[in-house]
Amino acid sequence: MAKAALQALAERLAGWQVAVIGDVILDEYLIGTASRLSREAPIPVLEFERREVIAGGAANPSANVAALGSFAHQIGVIGADENGATLRALLAARQIRTEGLIVDATRQTTTKTRIMAQIGLRFPQQVARLDRVDRTPIRSAVAAQIGAALTGNYAAIICSDYLNGLLTPEVVAQVRAQRALRVADAQGELDKYSGFDVVKCNADEAQRALRRELRTDADFGAAAHELRTQLQLRRGICLTRGADGITVADENGVQHVPAPQVEDVFDTVGAGDTVVAVVSLALLAGADLRTAAQLATFAASIVIRRVGNYAPTRAELLAEIAAHG
């Protein structure tokens with residue numbers, strides 16, 4: 001698609017009501033300066049400089065939806081703890097609605113703490129990570145509250161599954177029963193989302209699902225077609241392949257969407273969340289799945305030039321298309 005047409009599509013990403021349901025995570029960064037090696041073990045001693053917190057997991061697609069000018073409604077579970085309150089505040093600061101965040105006192109808020117060393121390079125380097133997570137399936141009473149939160153007047157519902165116990169078959173069935181556009185970032189459990197409109201998965205997830213290695217465009221095309229058929233998807237599948245772009249299988253067949261060439265790649269974290277958000281909004285704006293995927297590659301090329309989760313704005317997306325379209 002021509003630059004002008006892609007830019008016109010990007011302008012139409014705003015104004016939609018979108019629910020994002022999934023495993024919300026507080027990403028915590030503890031950053032210190034490496035001053036010396038420890039006498040207790042062969043590790044650097046860091047002198048604490050600052051703490052940074054970011055809304056991650058299923059909160060990141062919401063951040064992308066909001067940054068592109070649409071209305072994001074977060075649905076998920078947090079604990080009755082300080083990290084849960086922090087996560088809610090971070091979402092509210094981005095104008096993301098949080099009425100759908102259910103507090104479950106029997107669980108802790110999922111938190112990923114990264115220890116980062118500033119050692120003279122451009123960006124701090126991660127030296128360790130500590131996760132606090134409860135992967136047991138949510139209780140039926142909580143699932144009922146989640147189901148009530150899904151009954152809003154949403155144009156699309158995005159499932160962001162980090163396999164932390166929220167998106168149980170019961171909850172996914174409640175999503176499937178809604179009349180909105182239903183999109184899933186399955187993180188490997190593809191069969192759970194059969195009958196959805198669109199599923200996004202990456203190359204590794206597709207290989208595990210099909211139990212075979214994928215190398216060539218032909219391999220990925222056959223895989224995308226097979227998965228779309230197996231899952232009985234109403235619109236199609238987006239199989240993300242990093243620098244090789246996205247392979248799409250829909251009612252028009254299989255097409256490979258190349259990614260813009262990016263030299264200064266710093267971090268691929270969050271790029272998949274951006275893809276699923278942009279694809280969902282572009283479909284709402286009237287695009288076919290291939291064009292939606294094409295637009296998503298430009299948004300993802302912005303994200304991978306940042307460190308950590310980043311949600312590009314429409315202005316940034318328009319500029320990216322102008323520069324590389």
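The values are calculated or read from the model by the stated rules, or taken from the named source; none is laboratory data. Because the structure is predicted, anything quoted here is derived from the model rather than measured. Please note: Cβ atoms are built from the backbone with ideal geometry, for glycine as well, and neighbour counts cover all protein chains shown.
Does the range 293-308 contain any residue that is over 13 Å from residue 258 (Cα atoms), of a type outside the set (D, E, K, R), surrounded by fewer than 22 Cβ atoms within 10 Å (Cβ to Cβ) and touching a strand residue (DSSP E or B) at 6+ places or on another chain (Cβ under 9 Å)?
yes
Given the residues 51, 139, which is the only one that is farther than 30 Å from residue 300 by Cα, of a type in the set (Lys, Arg), surrounded by fewer than 18 Cβ atoms within 10 Å (Cβ to Cβ) and free of Cβ contacts under 8 Å to residues at least 40 places away in the same chain?
Details: 51 fails: farther than 30 Å from residue 300 by Cα.
Criteria check complete, one pass: 139.
For residue 86, are the conditions met, namely being in a helix (DSSP H, G or I), of a type in the set (Val, Ile, Thr) and under 30 Å from residue 313 (Cβ atoms)?
When the stated conditions are applied, residue 86 passes them.
For the range 277-298, name all the residues that are within 16 Å of residue 184 (Cβ to Cβ) and of a type in the set (Val, Ile, Thr).
278, 279
Quick grid of which residues meet (1) of a type outside the set (S, T, N, Q); (2) more than 28 Å from residue 15 (Cβ to Cβ); (3) modelled with pLDDT of 95 or more:
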site	(1), (2), (3)
82	yes, yes, yes
102	yes, no, yes
113	no, yes, yes
119	yes, yes, no
123	yes, yes, no
143	yes, yes, yes
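(1) more than 18 Å from the chain's Cα centre (by Cα); (2) modelled with pLDDT under 90; (3) part of a helix (DSSP H, G or I): which one isn't true of residue 227, the others all being true?
Result: residue 227 fails condition (2) only.
Regarding the range 60-69, can at least one residue be identified that is modelled with pLDDT of 95 or more and surrounded by fewer than 22 Cβ atoms within 10 Å (Cβ to Cβ)?
Checking the range 60-69: at least one residue is modelled with pLDDT of 95 or more and surrounded by fewer than 22 Cβ atoms within 10 Å (Cβ to Cβ).
Among the numbered conditions (1) at pLDDT 95 or above; (2) assigned to a loop (DSSP other than H, G, I, E, B), tell me where residue 42 comes up short.
The single condition residue 42 does not satisfy is (1).
In the list 196, 220, which residue meets the criterion of being over 29 Å from residue 76 (Cβ atoms) and among the aromatic types (Phe, Trp, Tyr)?
220
Tell me, please, whether a residue that is assigned to a strand (DSSP E or B), among the acidic types (Asp, Glu) and touching a Ser or Thr at 6+ places or on another chain (Cβ under 9 Å) can be found in the range 50-69.
At the first step, the residues of the range 50-69 found to be assigned to a strand (DSSP E or B) are 50-57.
Subsequent filtering for residues that are among the acidic types (Asp, Glu) retains 52.
Remaining after also requiring touching a Ser or Thr at 6+ places or on another chain (Cβ under 9 Å): none.
Within the range 50-69, not a single residue is assigned to a strand (DSSP E or B), among the acidic types (Asp, Glu) and touching a Ser or Thr at 6+ places or on another chain (Cβ under 9 Å).
Every residue in the range 89-122 that is in a loop (DSSP other than H, G, I, E, B), within 25 Å of residue 276 (Cα to Cα) and either of a type in the set (Lys, Arg) or touching a strand residue (DSSP E or B) at 6+ places or on another chain (Cβ under 7 Å) (or both), please.
Within the range 89-122, 94, 96, 109, 110 qualify.
From the residues in the range 103-144 that are of a type in the set (Val, Ile, Thr) and within 20 Å of the chain's Cα centre (by Cα), which one is farthest from residue 45 (Cα to Cα)? Break it down stepwise before answering.
Just the residues of the range 103-144 that are of a type in the set (Val, Ile, Thr), to begin with: 103, 106, 109-111, 113, 115, 119, 127, 133, 136, 138, 142.
Remaining after also requiring within 20 Å of the chain's Cα centre (by Cα): 109-111, 113, 133.
On the way: 109: 28, 110: 27, 111: 23, 113: 17, 133: 27 Å.
Filtering the range 103-144 for residues that are of a type in the set (Val, Ile, Thr) and within 20 Å of the chain's Cα centre (by Cα), the one farthest from residue 45 (Cα to Cα) comes out as 109.
Does at least one position in the range 17-31 carry a residue that is part of a loop (DSSP other than H, G, I, E, B) and surrounded by 22 or more Cβ atoms within 10 Å (Cβ to Cβ)?
Yes: one or more hits.
Take the range 186-232 and flag every residue that is crowded, with 19+ Cβ neighbours inside 10 Å, farther than 20 Å from residue 255 by Cα, in contact with a helix residue (DSSP H, G or I) (Cβ under 6 Å, 6 or more places away or on another chain) and of a type outside the set (D, E, K, R).
Passing the criteria: 186, 190, 209.
Just give me the residues in the range 165-221 being aliphatic (A, V, I, L, M) and within 18 Å of residue 100 (Cβ to Cβ), in sequence order. So that I can check it myself, show each step before the final result.
So in the range 165-221, the residues aliphatic (A, V, I, L, M) come out as 166-167, 171-173, 175, 177, 180-181, 183-184, 186, 190, 198-199, 203, 206, 209-210, 214, 218.
Once the filter is applied, which keeps residues that are aliphatic (A, V, I, L, M) and within 18 Å of residue 100 (Cβ to Cβ), the range 165-221 yields 166, 167, 171, 172, 173, 175, 177, 180, 181, 183, 184.
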